[in-house]
1. Let me spell it out: the conditions are (1) more than 11 Å from RNA strand B (Cβ to nearest atom); (2) surrounded by fewer than 17 Cβ atoms within 10 Å (Cβ to Cβ); (3) at pLDDT 90 or above, and A:Gly57 meets all of them except one. Which number is the exception?
2. Taking segment A:189-244 only, how many residues are closer than 25 Å to A:Met454 by Cβ and among the acidic types (Asp, Glu)?
3. Name the residue that is nearest to the chain's Cα centre (by Cα), counting only residues in segment A:235-252 that are within 11 Å of RNA strand B (Cβ to nearest atom) and open to solvent by 60 Å² or more (accessible area, probe 1.4 Å).
4. Here is a list of conditions, (1) assigned by TED's automatic domain parsing to the domain that holds A:Ile8; (2) under 19 Å from the mean Cα position of the chain (by Cα); (3) not charged (D, E, K, R), and A:Ile95 meets all of them except one; can you say which number that is?
5. Looking at A:His354, is it free of Cβ contacts under 8 Å to residues at least 40 places away in the same chain, over 20 Å from A:Gly450 (Cα atoms), within 11 Å of RNA strand B (Cβ to nearest atom) and within 30 Å of the chain's Cα centre (by Cα)?
6. Restricting the search to segment A:108-151, which residues are within 25 Å of A:Asn476 (Cα to Cα) and not in a helix (DSSP H, G or I)?
7. Return yes or no: is A:Ala274 part of a helix (DSSP H, G or I) and open to solvent by less than 10 Å² (accessible area, probe 1.4 Å)?
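The values are calculated or read from the model by the stated rules, or taken from the named source; none is laboratory data. These numbers were taken from a predicted model, which means no experiment stands behind them. So basically every Cβ, Gly included, is an ideal-geometry build from the backbone, and we count neighbours across all protein chains shown. These accessible areas exclude ligands, DNA and RNA; they are computed on the full protein's heavy atoms, side chains included. Shrake-Rupley method; radii C 1.70, N 1.55, O 1.52, S 1.80 Å.
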Amino acid sequence: MFNKRVIIKDLLTWEPGSQEVTVMGWVRTFRNGQFIALNDGSTNSNLQVVLDLGKYGSEFQKRIAVSAALKINGTVIASPGKGQKLELKATSVEILGDSDPEKYPLQPKKHSLEFLREIAHLRFRTNTFGSVFRIRHALAFAIHKFFNDKGFLYMHTPIISASDAEGAGELFKVTTLPLENIPKNENGSVNFKEDFFERSTNLTVSGQLEAELGATAFGNVYTFGPTFRAENSNTARHLAEFWMIEPEMAFYDLEDNMNLAEEFIKYIIKYAVAHNREDLEFLTQRLEDEEKHLPQDKRSEMSLLQKLEFVLQHEFERITYTEAVEILKESNYNKKEKFRFPVTGWGMDMQSEHERYLVEKHFKKPVIIRNYPKEIKAFYMRQNEDGKTVTAMDILVPGIGEIVGGSQREERLDRLEQRMKEMNIPEKDLWWYLDIRRFGTVPHSGFGLGFERMVQFVTGMTNIRDVIAFPRTPGNAEF
RNA sequence: UCCUCAGUAGCUCAGCUGGUUAGAGCAUCUGACUGUUAAUCAGAGGGUCACUGGUUCAAGUCCAGUCUGAGGAGCCA
């Protein structure tokens, strides 16, 4: 019988009254041969367990080492010591799993995030990663709740795909062909007829195109699944395997799309602020301690919790691409030539330093930029009447950059076909996508939100590798 | 992939213009103490100075290459 254990998070809210309970967890510290700080992952707060002096013998006490797993029976009493309201007076202690202190790498002290990344299988046992992953869970749950409450249908789009949806980026090939002896056609190309699917396939880079098929039947759908990009990107905000949320809505124009995206982002932040207060307070403190080493001008203007509250209380700034370029051109930064990449004018693809200037220096809050030049955006975005721009929108947030990319989709068959020709997208692979425009086509819109970037924004973690359990990046697929 | 910086004990780091047996805090081990909060006190063990090659009487320190990591850039979510 193991499931009668009391969860420490719940127990800590009790009024002590000599209740007899069983708790199980892992030792965080053992002080004075008498006091165990026990943690079961439900909260960063530890339960103080008090042992009777001399009752267990020194051999047994040695086994109460950091991260040993214990089952403890005891009574909940008011704590005479400072620092905790209650404690557990142990009546019996059982060691479920030993932890050799000579070999266990974690200590009750600060570790660098780089070091913890190398022991990702153990880093959940730290306060920082405990908080990050409880918040990650809460955000994932809030996302499903938000869409479910709005009547969206959760759609599972394929992981293995034959189409290169956005024409974007390098793909991971999926094959069962023998790598040491790949069957070839007469012209030397790979003979995919002999492959498992009898065609070339890869891991998905987006579920959007399939989600559009769902939206034009169910009205509102969303996907929430893994996404794969084989780009050789080595940055604090890119992963080869990441999770993406892609809502797709029929009868939505860009305005509706932006409204939904802003409401959505605020909803899930609000959920975390309401349900993960303790973890957010811990991470807020962590960031403040971190920034104590930095010079004054490098420190954040707001604490993590202040930043989240600020985002909740203010409208996102909404500007057009054209306005964004004007702001950049007129900025003191540009006039003093502080940008590494000069602002060349309309038609330029904004560099991250430009986006960061708009978000962090100029507006100091999330910004939605819409109506980009069609040349720098994907084929499926709806063309505006000016012949130059498409109804795209990106949402940029301080510290992270682009967190959402979306658009109204081109629902007019002739316009879509013309754009695909211009961009050399083969129509024959996407016949099903075009069919949607042939049979009851409707204005529709959607966006993609990078889940890990969202978790970064809410937790304040600066490296994306620290908000996913086992990060996949170039040269790294351990665990 | 490009640019910049770094790699010294299990962890975090010090080690000056090259010069004897390479240091500290924490952790670990031994002992003391016992209502502690990253407990405290005393002692002990622990190093291929990332790797390979070079310069030099002498290299942790200088040079070259390689590997690994971080920050920035590109690609993007």
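1. (3)
2. 4
3. Across segment A:235-252, the extreme among qualifying residues is A:Trp243.
4. Status for A:Ile95: all satisfied but (2).
5. For A:His354, the condition - free of Cβ contacts under 8 Å to residues at least 40 places away in the same chain, over 20 Å from A:Gly450 (Cα atoms), within 11 Å of RNA strand B (Cβ to nearest atom) and within 30 Å of the chain's Cα centre (by Cα) - is met.
6. Those that are within 25 Å of A:Asn476 (Cα to Cα) and not in a helix (DSSP H, G or I): A:Lys110, A:His111, A:Ser112, A:Ile119, A:Ala120, A:His121, A:Leu122, A:Thr126.
7. In short, no.
The rows are residues; the columns are (1) in contact (Cβ under 8 Å) with a residue 40 or more places away in the chain; (2) farther than 29 Å from A:Glu281 by Cβ; (3) assigned to a loop (DSSP other than H, G, I, E, B); (4) of a type in the set (D, E, K, R).
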{"residue": "A:Asp10", "(1), (2), (3), (4)": "no, no, no, yes"}
{"residue": "A:Pro16", "(1), (2), (3), (4)": "yes, no, yes, no"}
{"residue": "A:Ser45", "(1), (2), (3), (4)": "yes, no, yes, no"}
{"residue": "A:Val49", "(1), (2), (3), (4)": "yes, no, no, no"}
{"residue": "A:Gly74", "(1), (2), (3), (4)": "yes, no, no, no"}
